[in-house]
Amino acid sequence: MKKFLFVNPEKCSGCRICEIVCSLHHEKVCNPVHARIQVIKWESSGLYIPMVCQQCEDPICEIVCPMNAVHRDEKTGAILIDHELCVGCKLCVTHCPFGGVILGIDGQIKKCDLCDGDPICVKNCEPNALQFIDATTINFLKRKAAAQKFSDLMQKLLSAT
């Protein structure tokens, strides 16, 4: 079953532990600038939103790459960059609608590789804002959240009468 990195911004506390463990795991430094996940604070709502590669079904980064350096790992489902083929044109960076492909401070193109199918950010996300779950679970969680909102609305309406 295909798994996804599910981000729930309503649970994110903004602690940025995901950034720290990502940078430690991939770059061996404790510096969020090196992370493949970035927590963005949405000022108007006070939400913290972890931004990371969405591992798109039809990835734009793969489509725009003139060197065919972007491909899907069959085992993990992660979209990967082959740095032997990549020429650093940055088309993948500029075309990703989610900001999931980044230019590292070393000049190398980087993105989430799902840590070989066991994302370290998920393991260390205390509020469970990040989860690595299968597609049917994601659908269930979305339906459950929608049902809860509907229930809350109905209770408000009933209590107002």
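Just so you know, all these numbers are worked out from the coordinates, no wet-lab data involved. Here the structure is a predicted model, which means the values were calculated and not measured.
Before moving on, here are some points about what is shown:
- By the helix-only formula, in which each DSSP H run with n ≥ 4 contributes -39500 (n - 2.57) and the sum is divided by residues, the chain has a 222 nm mean residue ellipticity of -9500 deg cm²/dmol.
- Residue among Leu130, Leu85, Leu103 with the largest mean-square fluctuation in a Gaussian network model of the chain, springs linking Cα atoms under 10 Å: Leu85
- Here the Debye sum runs over all C-alpha atoms of the chain as equal scatterers in vacuum, and log10 of I(q)/I(0) at q = 0.11, 0.12, 0.17 Å⁻¹ comes out as -0.50, -0.58, -1.05.
- From the alpha carbon centroid of the range 65-88 to that of the range 1-58 is 21 Å.
- Degrees, to the nearest 10: 135-160 long Cα axis against longest axis of the chain: 30 degrees
- Relative contact order (percent, whole number), the range 3-134, Cα cutoff 8 Å, 6+ residue spacing: 32 percent
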